[in-house]
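See structure below.
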Amino acid sequence: MNDSNQTPYQPETIAIRTGHQRTEQDEHSIPIFTTSSYVFDNAEDASLRFTGKAPGNIYSRFTNPTVHAFEQRLAALEQGERCVAFASGMAAIMAVGISLLQAGDHIVCSRGVFGSTVLLLQNYLGKFGVATDFVPLSDLAAWEAAITPKTRLLFLETPSNPLTEIGDIQAIADIAHKHGCLLVVDNCFCTPILQKPLNLGADVVVHSATKYIDGHGRCVGGAVVANETIIEKSIYPYQRTCGASMSPFNAWVFLSGLETLALRMQAHSANALALATWLEQQPAVNKVYYPGLSSHPQHDIAKRQQTGFGGIVSFELAGGKEEAWRLIDATQMVSISANLGDVKTTITHPASTTHGRLTPEQRAAAGISDGLLRISVGLEHIDDIQQDLARGL
Ligand SMILES: *Cc1c(COP(=O)(O)O)cnc(C)c1O
């Protein structure tokens, strides 16, 4: 298939067919181009490529055919114009901050974004004079009220982690654009299979490919998807110069991850809905957080903007930390791991791990109780997952 993302194909087909430019060797599977540099036809060709007047590879920090195939496939899935791959999800988020903002600018970010994202915004962008304010994801009035004349960027993650709060992307994009700001969405939890933020008005999508895109917990990677102008003027020049490039091997792993992403996201969602429904019936469970449940406060928004509810389920045990730890320690199959998006089910106790550095007051404000557990529901048989959790319930 060619470079165009304007294919008439469905996501399942795009994920398998887009991005591979077959070489003269007629290979059927995408090769891994392990080369740091490339050769030019002649002196003039070298000069033309360096000045950007002729297309072609120069150096693998800038471009690499395997990485490019991944970028084209992900851009097509997100229905975006261009994608730049990065060495990690955090490198992708850093690229957005550094390349689009300058000292004095202001960010409004939803609460409950990935912990490292909070640190990146506060400690590193903050150090260079970019301030961030945090607002509750689903509170539209709070988003609007937090915007100042210096605000350039709104950033959100939906569903939030670990409480699966849903942000209305279309409504928040409208607020951003009314004030001349860009909306950036971290689409890691849904992937383009379940949610396409660019179609809902977002300007930039960031990904941690480490999670569902790989799907098997093997490689670390990230990506930014946006329109031609944003990529060509800001993201790509930053990546080319600052160099947090994705390795060709990792791109090759992510390319095959994308091929099964639609099947996996549907299966993750089906297992998660079954598990959440079952958890709601357990007497030891106080509350279940899952956007697919009709008891979820933003269930209707999730139904409207997602085509599935994803694989993350959180729940609260009446017995607090002691009971939560007992449930974790009673499991025999489920992995005790803070990672997510794997075919293997993982369980974590946010209050003592991912959110352990917060003060008890901060945790309470964020809704992270001592009895809260988060499950990244994998693709094992649902009966086995339930049985394993039932041991400690
Ligand atoms: C893991 C994660 C990140 C960071 O990605 P890395 O690949 O670990 O750098 C960012 N956002 C979300 C939602 C994540 O889950």
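The values are calculated or read from the model by the stated rules, or taken from the named source; none is laboratory data. A quick note: this is a predicted structure, and the numbers were derived from the prediction, not measured. Glycine also receives a Cβ, built like all others from the backbone with ideal geometry; neighbour counts cover every protein chain displayed. These area figures cover heavy atoms from the full protein model, side chains too; ligands, DNA and RNA do not enter into them. Shrake-Rupley method; radii C 1.70, N 1.55, O 1.52, S 1.80 Å.
Hey, can you tell me all the residues within the stretch 357-389 that are of a type outside the set (S, T, N, Q), open to solvent by 40 Å² or more (accessible area, probe 1.4 Å) and either in contact (Cβ under 8 Å) with a residue 40 or more places away in the chain or under 30 Å from Pro136 (Cβ atoms) (or both)?
If the condition is that a residue be of a type outside the set (S, T, N, Q), open to solvent by 40 Å² or more (accessible area, probe 1.4 Å) and either in contact (Cβ under 8 Å) with a residue 40 or more places away in the chain or under 30 Å from Pro136 (Cβ atoms) (or both), then Arg357, Leu358, Pro360, Glu361, Ala364, Ala365, Ala366, Asp370, Leu379, Glu380, Asp384 are the ones that fit.
With (1) among the basic types (Lys, Arg); (2) open to solvent by 30 Å² or more (accessible area, probe 1.4 Å); (3) within 15 Å of the ligand (Cβ to nearest atom) as the list, and Lys196 as the residue in question, which single condition is left unmet?
Lys196 satisfies all of (1) among the basic types (Lys, Arg); (2) open to solvent by 30 Å² or more (accessible area, probe 1.4 Å); (3) within 15 Å of the ligand (Cβ to nearest atom) except (3).
For the condition in the same structural domain as Arg73 (by TED's automatic domain parsing), closer than 15 Å to Ile312 by Cβ and in contact (Cβ under 8 Å) with a residue 40 or more places away in the chain, what is the one hit in Val113, Val184?
Only one candidate qualifies: Val113.
So if I check each of Phe315, Phe309, which one is open to solvent by 40 Å² or more (accessible area, probe 1.4 Å) and in contact (Cβ under 8 Å) with a residue 12 or more places away in the chain?
Phe309
Scan the stretch 14-44 for residues that are surrounded by 14 or more Cβ atoms within 10 Å (Cβ to Cβ) and either of a type outside the set (Ser, Thr, Tyr) or within 24 Å of the chain's Cα centre (by Cα) (or both) and jot them down.
Within the stretch 14-44, Ile14, Ala15, Ile16, Arg17, Thr18, Gly19, His20, Ile30, Pro31, Ile32, Phe33, Phe40 meet the criteria.
Any residue at all in the stretch 206-226 that's among the charged types (D, E, K, R) and away from the ligand (no atom under 16 Å from the Cβ)?
no
Give the residue that is surrounded by the most Cβ atoms within 10 Å (Cβ to Cβ), with candidates limited to residues of the stretch 127-163 that are among the hydroxyl-bearing types (Ser, Thr, Tyr) and assigned to a loop (DSSP other than H, G, I, E, B).
Going through the qualifying residues, I end up with Thr158.
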